[in-house]
Structure formats: structure tokens, C-alpha cells
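The values are calculated or read from the model by the stated rules, or taken from the named source; none is laboratory data. This is a predicted model, so every value here is computed, not measured. Glycine gets a Cβ as well: all are built from the backbone with ideal geometry, and neighbour counts include every protein chain shown.
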Amino acid sequence: MRGWAQSITAALLVVLVATLATVTTTGGTDADRVGPVSLAQGTQSPAPGVDRPNLVFVLTDDMRDDDLDHMPITRRLLADQGMELTDAISPHPLCCPARAQLATGQYAQNNGVQHNRGVHGGFEALDPAQEASTWWRDEGYRTALVGKFLNGYGPHDVRPAGWSRWDALTEGVYDYVNFSMTGDGRPEHHTGSHVTRVIEDHTNEAVRDFARSGDPFVVYAWHLAPHYRITPQGGRGLPPAMPQDEDLFVDQRPSSFDAPAFDEADVSDQPAYLRRLSPVSRAAVRAENTARLQSLQAVDRAVGSLVATLSQEGVLDETYVVFSSDNGYSLGEHRFVGKDVLTDEALQVPLLVRGPGIAAGTTSDLPVTLVDLPATFAGLTGVTPQWQVDGTSLAPTLLGDEQAFRDTTLIQTGRTLGDGWSHRGVRTERYLYGTDGVDAFLYDRLLDPDEMVNRVDDPAYAAVVAALELRRRELVTCAGWTCNQQFGPLPEPADPDGVRRAGPGEVPRVR
């Protein structure tokens, strides 16, 4: 990245001058002006015929988008009966920051949770009063959370005020078979019971009780699988399967094996967190993939029993059921196993929604994020967020309407030291760009969908880097509508002679 550090300031000035030259004030509406366009977050009334719909949100932990191919019950009941959002990401792909985004509807620069631990991380960094369950509580909804909340949440920590029923994991959170839960004020310790089954049973109990009360409800079922196991002694191991699943997927070939980036031969141009890595063990990746898929079978059945419970209680047709993961997971791409990096394997998450007004078997390729989900849940249920949120409600798209959307999305990672930030960048339809101020990367995903060539020092991409850096600088401090702008076209990469070029078969236009 040596050339990048010297050239970025000059290139930024060139792009800034060019950008300012194109911005005009015509006296018309905002839509008539050239330059960044803000997209109103808006609100959306519930689907016609449903007065106060319910919502159930099922969340997994560290699930890859393509793991969904091995969850047939979830695909049949949610994807086939609702909408799959095929370009959903976790823009801060680490457990605690991702869950804080879901709890607040805000990016980490606004909710304060930048990492799993340290002064900038964990539950202690979250203001428990700034937690979205209060939106529904204050509108007469019953609310429940069952399962894993934010990292660091313990048995003596405050209960967020908006939950009617609070059943969070507190001790042995990652152990699967030796753990404690708050039990809604009656703490329970479990030994020998698989955590997925306990979360399933407690979720269904909450749904039954709430449905029979006649009040509308919001229930979060936040599972642990397929996160790796951590024993109370601190040992790390594979996620344990339930007994009936222990013989499944033993011969399953990991999908990452077929990715050109798997165990990438030359990582010398990659950002520091990748180029320092040794080659991965295929046997270890295969074993982890098998264990992860085995652990997800219990979640798949839990989705089935949840939908069955909603149906048995007569509320399925008036309930939105949402399924996603807190972040993705890399299984050997670029030699990396894990998350908390800005590559598509770690960013990409599954996102399925079924419910009233959502056409069955539909898809959307909007570039949505987990930050959009609280605004979406508010929109679908007709409640108003009580503070400024950074996401955009997806309710119009889910209910079949056209929706203008941002063209550039903030992505970022944190650290435990210093100011709490590591790499921060942006994602567009074509590019993935980020930097920590010294260590930078740029992937042209049109020409290089596997992100194997870092073009940040390529002179042909100097104008692209400068334009993306301007967007990055604006978005790292964004709040509310400023996180959801349409900046317009980016410059084209240039040939060595300085002439702009397009990708193969492409017209000369880049977004």
C-alpha cells in the first residue's frame, strides 16, 4: 500500500473539484439537483387487512449465507412463502456490534458498540435505555427475547426495560450444553440440554402465551448455532450437534473449496489481516463445515416448530417471521477462517421474511443491511422509532412497492485499543473499499468477484479510490438520513494511457 498513502490526498483534491463542478442548485426539488441525494427513511403502515401484526425474529450466530442451502425447512416455510433478500450484509461483521445494530437501528459510531470487548465493546458499551423493544412496549405490544443477547451480558446486568419477557443467556453462553438463562426473573441453569432446543421451547412458550393474551407481540429468538463452542474453562471447539444430527454432512464438501479464493496462493497484496496468514488446513475446514451444518439442523427444526406454533395459535397469517444471522463467516477464503474482516464471506448474511402482504417465492437484490431491520420492523408493525435510526425501512420492497435506495453502504470493523476503530470503508454494487488510515484495499468485484486482486495502488483506479474515500469520510460520521444517500455514478477505471474504460461487456458506467 506504499503508493496509496502518497497519492490519496492529491487524488482526493482532483475528485472533490470535479464533484463540486457538477453540483448545481436549480431552485427545483432535491430530485432535480446533481450530487448526493438523501433517501427519506419514511414509515409504512401495516399490510392492508392486518391491524397490529405480530413479528418474530429468528437470528443465528456466524451463519454463512450459503449455509441456508442445507436448511430445507427454513427455505420451504420462509423463502418459498415469503421474500429472500439476496444481497443482505452485516456491515460490522462481529457478534456484539452486529447485535447492537439490531438493538438500536444505529451504526457503531452512534450506539457506541465497536467490538466484543474492551472499553468500546460488549454490553457495557450499550445504553440499555436505547434499545428498540421500548418502541413496541409503549404501543401496547408484548415483547420477548430468548437466547443470546450482546457479548458480556451477565446474570447481574440490567434488564433492558422494553421486554415483557426476558430470557437471555448469561453464563456458559457459548457452551451449548452447560449454560444459564435469566428465565424472566427465575434464573435457570441447564446441563445436558442442548441450547437450541431450550431456546426453541422457550420461544414457542412465549408465542403461545402472547397469542392467547390477545395482544400483538414481538418475539426475538436469537440462537447460538453455528458459532464455535467455548467451554466454561475457555477451550474452543466445534459446535456440538444434537444426537440425531451427528452422522449428517460427514462427506459434505465445503462450498468454500470451490471458491478461487480458497487458500489463496498469493496474499502479498491483501490487507495486513490477510497477508500475514499461513495456508489453511483442508481437513480442519471440512470438519468445521460439517459441525456447523449439523448444529444448524436443530435451528432448522426450531423454525418449523415456531411456524407450527403460530399456525396452531391462529396467528400465523398476521405475523411477520424474519430469519437472518448476526454476521457471515469465512471458511478458508483468502486463507482466513472466521469473521470481523471486510470480505464478502464475512459480510454476507441470509435474510428471509414472510408475512401479511409479502408475495410468496419473491426475491429482492437491494443492498440491505442489518441496520435496516429495526426500521423495517417498525414500518411493518406501524410503530414509530423513538430516536433517530440509521437504517431504511424495507417495508415498501417487502410489500411489493418500488423503493429508492442508497448506492453506497458503510462497512467497518473495530478493535479493543485506541479509538476503537480498525478498517472502515464502503461497499457499492461494483466496489469494496476500506482502510484503517494506512492499510487499504480496493476490490473491483465486477472484474474480480472473488476479491483476489487489491487494486488500491493501481494507477488506473486512482480516481475511483479518491471518490470512494470521499464517500467513506462522509459515512463514517453519518447518522440518520446521511447514512442513506445516492451519491451517483463513480468514475471509470482508466487504461494506462489515462482513457476511461469499462469492464468486459459493460457500458462505461460504474456505480
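Criterion applied to 348, 386 was being under 13 Å from the mean Cα position of the chain (by Cα) and touching a residue at least 12 places away in the same chain (Cβ under 8 Å), and the one residue passing it is 348. Listed by first and then second residue, the pairs linking a residue in the range 448-462 that is polar (S, T, N, Q) to a residue that is crowded, with 21+ Cβ neighbours inside 10 Å, with Cβ atoms under 6 Å apart and 6 or more places separating them unless they lie on different chains, are 454/270; 454/441.
Meeting the requirement of 1 or more residues that are under 17 Å from the mean Cα position of the chain (by Cα) and not assigned by TED's automatic domain parsing to the domain that holds residue 412, the helices (runs of 4 or more DSSP H) wholly within the range 92-186 are 95-104, 108-111.
Could you give every pair whose Cβ atoms fall below 7 Å, whose first residue belongs to the range 257-283 and is under 20 Å from residue 445 (Cα atoms), and whose second residue is part of a loop (DSSP other than H, G, I, E, B) and among the polar types (S, T, N, Q), counting only separations of at least 6 or pairs across chains? Correct list of pairs: 269/454; 270/454; 275/268.
Among residues belonging to the range 174-203 that are surrounded by fewer than 23 Cβ atoms within 10 Å (Cβ to Cβ) and among the aliphatic types (A, V, I, L, M), point out the one that is farthest from residue 60 (Cα to Cα). Within the range 174-203, the match that is farthest from residue 60 (Cα to Cα) is 177. Considering only residues in the range 267-314 that are more than 19 Å from residue 329 (Cβ to Cβ) and basic (Lys, Arg), the one that is modelled with the highest pLDDT turns out to be 301.
In summary, residue 426 fulfils each of the numbered conditions (1) over 30 Å from residue 354 (Cα atoms); (2) touching a strand residue (DSSP E or B) at 6+ places or on another chain (Cβ under 6 Å); (3) not in a loop (DSSP other than H, G, I, E, B) with the single exception of condition (1).
Name every residue in the range 424-457 that is surrounded by fewer than 17 Cβ atoms within 10 Å (Cβ to Cβ) and among the β-branched types (Val, Ile, Thr), in order of residue number. 438, 453 - these are the residues of the range 424-457 that are surrounded by fewer than 17 Cβ atoms within 10 Å (Cβ to Cβ) and among the β-branched types (Val, Ile, Thr).
Count of the range 140-183 residues, restricted to those that are more than 21 Å from residue 306 (Cβ to Cβ) and in contact (Cβ under 8 Å) with a residue 12 or more places away in the chain, is 22.
Can you tell me how many residues within the range 149-173 are small (Gly, Ala, Ser), within 21 Å of residue 231 (Cα to Cα) and buried (at least 19 other Cβ atoms within 10 Å of the Cβ)? Outline the logic, then answer.
Step one: filter the range 149-173 for residues small (Gly, Ala, Ser), giving 152, 154, 161-162, 164, 168, 172.
Still in the list and also within 21 Å of residue 231 (Cα to Cα): 152, 154, 168, 172.
When the remaining residues are screened for being buried (at least 19 other Cβ atoms within 10 Å of the Cβ), the result is 168, 172.
Residues meeting the conditions: 2.
Can you give me the number of residues within the range 292-315 that are acidic (Asp, Glu) and either farther than 14 Å from residue 59 by Cα or outside any helix (DSSP H, G or I) (or both)? Number satisfying all stated conditions: 1.
For the residues 252, 233, the requirement of being polar (S, T, N, Q), in contact with a Leu (Cβ under 7 Å, 6 or more places away or on another chain) and not in a helix (DSSP H, G or I) singles out 252.
Restricting the search to the range 334-373, which residues are out of contact with any strand residue (DSSP E or B) (no Cβ under 6 Å at 6 or more places or on another chain), within 16 Å of residue 405 (Cβ to Cβ) and either small (Gly, Ala, Ser) or buried (at least 24 other Cβ atoms within 10 Å of the Cβ) (or both)? Listed by number, the residues that qualify are 370, 371, 372, 373.
Taking the conditions (1) assigned by TED's automatic domain parsing to the domain that holds residue 256; (2) under 21 Å from residue 89 (Cβ atoms); (3) not in a helix (DSSP H, G or I) in turn, residue 432 satisfies each one other than (1).
Among the residues of the range 330-367, those that are over 27 Å from residue 397 (Cα atoms) and of a type outside the set (Gly, Ala, Ser) comprise 331, 333, 334, 335, 336, 337, 339, 340, 341.
Matching residues to (1) surrounded by 13 or more Cβ atoms within 10 Å (Cβ to Cβ); (2) over 24 Å from the mean Cα position of the chain (by Cα); (3) assigned to a loop (DSSP other than H, G, I, E, B); (4) not basic (Lys, Arg):
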residue	(1), (2), (3), (4)
208	yes, yes, no, no
211	yes, yes, no, yes
219	yes, no, no, yes
264	yes, yes, yes, yes
286	yes, yes, no, no
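A residue that is assigned to a helix (DSSP H, G or I), over 30 Å from residue 211 (Cβ atoms) and at pLDDT 50 or above cannot be found anywhere in the range 27-43. Residues of the range 460-511 that are within 21 Å of residue 391 (Cα to Cα) and either hydroxyl-bearing (Ser, Thr, Tyr) or at pLDDT below 95 (or both): 477, 482, 511. The one condition from (1) surrounded by fewer than 23 Cβ atoms within 10 Å (Cβ to Cβ); (2) more than 23 Å from residue 201 (Cα to Cα) that residue 100 does not meet is (1).
Rundown of residues vs (1) in contact with a strand residue (DSSP E or B) (Cβ under 7 Å, 6 or more places away or on another chain); (2) surrounded by 23 or more Cβ atoms within 10 Å (Cβ to Cβ), yes/no style:
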| residue | (1), (2) |
| --- | --- |
| 277 | no, no |
| 283 | no, no |
| 295 | no, yes |
| 318 | yes, no |
| 332 | yes, yes |
